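Input: a single structure, listed below in structure tokens.
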Amino acid sequence: MIRAFISVNLTPEIHRKIGEVEQSFNIKGIKLVEPEMVHVTLKFLGNIEESMVGDIEATLKNVTVKPFLAGFRSLGGFPNTKSPRVIWIGAQGDFNGLNEQVEGLMEGLGFKREGRFEPHVTIGRVKFSTPEQKQKLPQLFEKYKDYDAGSMYVDSICLMKSTLGPNGPKYDVLKEIKLAR
């Protein structure tokens, strides 16, 4: 069994810019995502049989969303910026259309649809609250509300393998599927 998800992977330049902004959020109780691992998750599949990789790849080749320009802007928190559990940067572009197609195609392979989708990249998770966070986070959310990590051309999606380890997850591309032109 492998732990898998479907994503849009980011360019090295966007990863670099995210790494720069993450430094401001290096606060006790917040676990930052390694900048080079930041991505847009379109669908988390969970544990799958390795033998399913080919079927998933073949099915994802039916995505009809055309390549598009995506922007990574604004910074916020889920469920809100007052008491966030997740710190994110918004993802702009046809991610909703892409997610809707991926969900429908994966449902055809027996994967349950996830309810809502909010295009974003996770840059950190609040593991526990501290007085320092309560003081700094509102100021940081205000400072970076109009943050711009850049733009990129989205022309593929990836089937990813996630291996959990003591130092956090490790991601590997299993298959890259080009979007229809």
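When you go through 121, 126 one by one, which is the residue that is in contact (Cβ under 8 Å) with a residue 60 or more places away in the chain and within 14 Å of the chain's Cα centre (by Cα)?
Checking each option against the conditions leaves just 121.
Scan 22, 36 and give me the residue that is assigned to a helix (DSSP H, G or I), open to solvent by 80 Å² or more (accessible area, probe 1.4 Å) and closer than 24 Å to residue 163 by Cβ.
After ruling out the rest, the residue left standing is 36.
Can you find even one residue in the stretch 47-66 that is touching a Phe, Trp or Tyr at 6+ places or on another chain (Cβ under 8 Å) and at negative phi? Working first, answer last.
Taking the stretch 47-66 as the starting set, the residues that turn out to be touching a Phe, Trp or Tyr at 6+ places or on another chain (Cβ under 8 Å) are none.
No, the stretch 47-66 has no match at all.
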query = Is at least one residue of the stretch 111-122 over 26 Å from residue 17 (Cβ atoms) and among the hydroxyl-bearing types (Ser, Thr, Tyr)?
reply = no
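This table checks each residue for (1) more than 14 Å from residue 30 (Cα to Cα); (2) in a helix (DSSP H, G or I); (3) not acidic (Asp, Glu).
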| position | (1), (2), (3) |
| --- | --- |
| 52 | yes, yes, yes |
| 73 | yes, no, yes |
| 91 | yes, no, yes |
| 101 | yes, yes, yes |
| 111 | yes, no, yes |
| 116 | yes, no, yes |
| 132 | no, yes, no |
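Among the residues in the stretch 145-155, are any modelled with pLDDT under 90 and at negative phi? Write out each step before concluding.
Residues of the stretch 145-155 modelled with pLDDT under 90: none.
No - not one qualifying residue is present in the stretch 145-155.
Of all residues in the stretch 39-59, how many are free of Cβ contacts under 8 Å to residues at least 24 places away in the same chain and open to solvent by less than 50 Å² (accessible area, probe 1.4 Å)?
Our first condition is that a residue be free of Cβ contacts under 8 Å to residues at least 24 places away in the same chain; within the stretch 39-59, this holds for 51, 54, 58.
Filter again for open to solvent by less than 50 Å² (accessible area, probe 1.4 Å), leaving 54.
Result for the stretch 39-59: 1.
Residue under question is residue 66, and the condition is that it be among the basic types (Lys, Arg) and either in a helix (DSSP H, G or I) or within 20 Å of residue 161 (Cβ to Cβ) (or both); does it hold?
On the way: among the basic types (Lys, Arg): yes; either in a helix (DSSP H, G or I) or within 20 Å of residue 161 (Cβ to Cβ) (or both): no.
Criteria not met by residue 66.
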remark   = In the stretch 118-130, anything assigned to a strand (DSSP E or B), closer than 30 Å to residue 49 by Cβ and either open to solvent by 90 Å² or more (accessible area, probe 1.4 Å) or among the aliphatic types (A, V, I, L, M) (or both) is listed as 121, 125
ask   = Which one of these is of a type outside the set (Asp, Glu) and loosely packed, with under 14 Cβ neighbours inside 10 Å: 139, 92?
value = 139
inquiry  = Just the residues that are closer than 15 Å to residue 140 by Cα, touching a residue at least 60 places away in the same chain (Cβ under 8 Å) and among the charged types (D, E, K, R), please, taken from the stretch 18-38.
reply    = 22, 28
inquiry  = touching a helix residue (DSSP H, G or I) at 6+ places or on another chain (Cβ under 8 Å) and open to solvent by less than 20 Å² (accessible area, probe 1.4 Å): is that true of residue 72 in this structure?
reply    = yes
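The values are calculated or read from the model by the stated rules, or taken from the named source; none is laboratory data. Not measured: the values here are computed from a predicted model. Reconstructed Cβ throughout: ideal geometry from the backbone, glycine too, with neighbour counts over all protein chains shown. The accessibility values were calculated without ligands, DNA or RNA, using every heavy atom of the protein model including side chains. Shrake-Rupley method; radii C 1.70, N 1.55, O 1.52, S 1.80 Å.
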